[in-house]
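The block underneath contains the structure these notes are about, expressed in structure tokens.
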Protein chains: 2
Amino acid sequence: MHEKFSIVLGVATVVAALSPALAGEPITLRDMGSFHIGGRVVEISGKPVRELVLGAGGVPAKIDPNGLYQVEQMYVQYFLPQNRKGKFPLLMWHGGGLTGVTYESTPDGREGWLNMFIRKGWDVYNSDAVERGRSGFAPPDVWTGEPNFLTKANPFERFRIGQGAGSWNVDSALMKVNVGSQFPVEAYDNFTKQIVPRWTTTDGAIVAAYTALVDKVCPCVLLFHSQAGGFGFAVAQARPDKIKAIVAVEPAVAGDKAQAGKLKNIPTLLVYGDYIPLDSRWPKMRQIGLDYAEAMRAAGASVDVVNLPEVGIKGNSHMLMMDKNNAQTADLIQKWLGDKGLVE
Amino acid sequence: MHEKFSIVLGVATVVAALSPALAGEPITLRDMGSFHIGGRVVEISGKPVRELVLGAGGVPAKIDPNGLYQVEQMYVQYFLPQNRKGKFPLLMWHGGGLTGVTYESTPDGREGWLNMFIRKGWDVYNSDAVERGRSGFAPPDVWTGEPNFLTKANPFERFRIGQGAGSWNVDSALMKVNVGSQFPVEAYDNFTKQIVPRWTTTDGAIVAAYTALVDKVCPCVLLFHSQAGGFGFAVAQARPDKIKAIVAVEPAVAGDKAQAGKLKNIPTLLVYGDYIPLDSRWPKMRQIGLDYAEAMRAAGASVDVVNLPEVGIKGNSHMLMMDKNNAQTADLIQKWLGDKGLVE
């Protein structure tokens, strides 16, 4: 694995000159837009009709909850730069409890990876997983279980922004932030505004919609984060010929190791941030990714693993794409994609 | 009122040449990004702690539902064209059961009003109302009531796409579409994928977040649709000095007539589509807007009302911004904004 590190070691200090468009310069798009993809139609029956005023001062409307419903579709927004450099579309898939906002402006208002990779010349497709954000969610009884909500404290303590359980405090002066953290802690409250509820019983529907997206816009490069590790590797197993590279950013879960060999021709980069040895869960979660990577390699795949502190990039939380050094990690990823022949 | 109509009569046939950037030409942005605004923190207490695996194959996480939650924030995405022509930002607010996707690509994949008004040189801020889309929604017990879901049939029959109750059919050949409809009926299923659940008890929270947005980015022009008629006029009443013009697109509700005089200095355009006399609810809903307009005029406001069929633009559903002639109505609105001195 140390040999693999050497491929990107030292990259971070030399790549700034490679960026074709810098923050502050205009972004020129040959097109931008959005669509919904996938989903299915379900029937609900046997429920009473209600009359409901849908807005204060409005005219009552008859609401019959029985009928056919569209569910499990996925929202995708795309930006196609005029000066395209990426050889394939770049699909960005967010982690649990979040939406595509993950890759947009950072909580403290800097540019996120969406803008950065558009500026680097990639056709970027940014989506909200099924049941989150602009993908909507299904009526009661369609899915088992209830949506899950995160407290303000939860991601602070789980995402290696703070020093684990009990590190968040409503008084920011009393927060126990990881020493040297690159997370914009002063804007943590804004980050919590990005959180959306999630179900824990919809993985199949999520993978189905992502697969439909891959069938529509790929061949492509997948860049996914955290919970989407499970979705991204599963979709790559299902559509290995459509995936030209994978950038797995702190995958919290991985695919089925028995099927990892299907990814033998997909160059893959795993990126992990700082403070993992200090965390109660992340050593084990990283190991899940490393084990999957080893299974890929056993089948002949080229897999690089970068632990950022080992290449001199320190202070990263789980939300690498929002951290203050997010341009540096984006440049590292871009360099790797270039090394794999995916940049023109 | 007929005198008011004459201001824009015939506009639709001559404005094409005014469009500074056409579909197919690149869009150049000096910046794009997003943020969340507004909201409040609520405390939930007395509930049991659970341990939950948040993704298949993942490491169990302790989920303590007690604690502080961020709720009632609003998501806003902005696009700032390099060649700015609009003198103020243009805020687009969607209608009920929907999100900012309303203004993005149409269900059949054409450009929507978001792209069109960016191309016309407006700094556009497109948002998802509180509790919808990327704004997220609150844990149980924070709001009264349950979210409301729309069947596939419901908007077809209420939005004057079909000929009222019973006009939708799962077999598209059996649908009773309004004769001459400009709605892209062949992509109606895609439109239903844009629908998101909504509560009916959150109007105050929605107005609060919109007001916070106005305080952040205005003076500005408001363009709002359907349910947002209630929100837009209410916010204008609260911040009349911040609003330079209002474009109310088929407002389903309006503000408080007793306060309409506060809008006396805000030039206002109300736009209504076709088939209203044939509908069971829209004559009354239009009257709500017309009555509010009259109350504004009584205080000295300049209010124009355009019933599109009366100026030769026919076939429009409630979803004007998605109809096949959406460029024509966008041009009509742009011409009106220009006449009001709001375009450089």
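The calculated FRET efficiency for residue A:172 paired with residue B:201, based on their beta-carbon distance and R0 = 35 Å, is about 0.65. The C-alpha atoms of chain A define a longest principal axis, and helix A:203-217 lies at about 70 degrees to it.
For the stretch A:60-135 versus the stretch A:225-249, the inter-centroid distance based on Cα atoms is 16 Å. For the protein assembly as shown, the C-alpha radius of gyration divided by 2.2 N^0.38 Å, with N the number of residues, is 0.95. Here's how it looks for residue A:247: its modeled amide H is under 5 Å from those of A:222, A:223, A:224, A:269, which are all 5 or more places away or on a different chain.
Given axes a ≥ b ≥ c from the Cα gyration tensor, I'd like to know whether the stretch A:76-133 is rounded (a/c under 1.5), prolate (a/b larger than b/c) or oblate.
Values: a/c = 2.80, a/b = 1.44, b/c = 1.94.
Cα axes put the stretch A:76-133 in the oblate bin.
With a cut-off of 14 Å between beta carbons, the residues surrounding residue B:292 carry a summed charge of +1, where Lys and Arg count +1 and Asp and Glu -1. Judged by the ratio a/c of the largest to the smallest principal axis of the C-alpha gyration tensor, the stretch B:23-76 counts as oblate, that ratio being 1.5 or greater while a/b is no larger than b/c. Computed on the stretch A:67-171, with alpha-carbon pairs under 8 angstrom and 6+ residues apart, the relative contact order is 31 percent. The angle separating the long axis of helix A:228-238 from the principal Cα axis of greatest extent in chain A is about 90 degrees.
All other residues whose Cβ lies under 11 angstrom from that of residue B:158 are scored, Lys and Arg at +1 and Asp and Glu at -1, for a net of +1. For the stretch A:245-344, the equivalent ellipsoid derived from the alpha-carbon gyration tensor has semi-axes of 22, 19, 9 Å in decreasing order. Counted by Cβ distance under 14 Å from residue A:236, the other residues give a net charge of +3, where Lys and Arg count +1 and Asp and Glu count -1. Calculated on C-alpha atoms, the gyration radius of the stretch A:224-277 divided by its Kirkwood radius gives an Rg/Rh of 0.98. Compared with the dominant Cα axis of chain A, that is its longest principal axis, helix A:282-298 is turned about 70°. Between B and A, which B residue has the Cβ nearest their rotation axis, distance in Å? Taking the axis that maps B onto A, the answer comes out as B:28, 2.
Which percent of the Cα-Cα distances in the stretch A:47-182 go past 22 Å? That tail contains 61 percent of the Cα-Cα pairs.
Is the stretch B:100-238 best put as rounded, prolate or oblate by its Cα gyration tensor, with a ≥ b ≥ c the root eigenvalues, rounded for a/c under 1.5, and otherwise prolate when a/b is larger than b/c, oblate when not?
In terms of gyration-tensor shape, oblate.
Across the identical copies, the label point of residue A:241 (7 Å from Cα in the Cβ direction) is separated from its matches by 6.7 nm, in order from shortest. The same position residue A:339 in the other copies lies at 6.2 nm from this copy, comparing label points 7 Å beyond Cα toward the beta-carbon, shortest first. The listed residues B:43, A:250 rank as B:43, A:250 when sorted by accessible area, largest first, using a 1.4 Å probe. Once you reduce the stretch A:271-309 and the stretch B:149-169 to the center of their Cα atoms, the two points are 51 Å from each other. Any idea what the residue B:291 label distances to the other copies are, label 7 Å down the Cα→Cβ vector, nm, shortest first? In nanometres, ordered from closest: 6.7. Springs between Cα atoms under 10 Å define the GNM used for chain B, and in it the highest mean-square fluctuation of B:76, B:177, B:49 occurs at B:49. For chain B, the direction-averaged projected area of the alpha-carbon convex hull comes to 19.7 nm².
Hey, what did chain A get for relative contact order, percent, Cα under 8 Å, at least 6 apart? It comes to 20 percent, rounded to a whole number.
The values are calculated or read from the model by the stated rules, or taken from the named source; none is laboratory data. None of the values given here were measured: they were computed from a predicted structure. So basically every Cβ, Gly included, is an ideal-geometry build from the backbone, and we count neighbours across all protein chains shown. We work out accessible area using only protein heavy atoms, side chains counted, and drop any ligands, DNA or RNA first. Shrake-Rupley method; radii C 1.70, N 1.55, O 1.52, S 1.80 Å.
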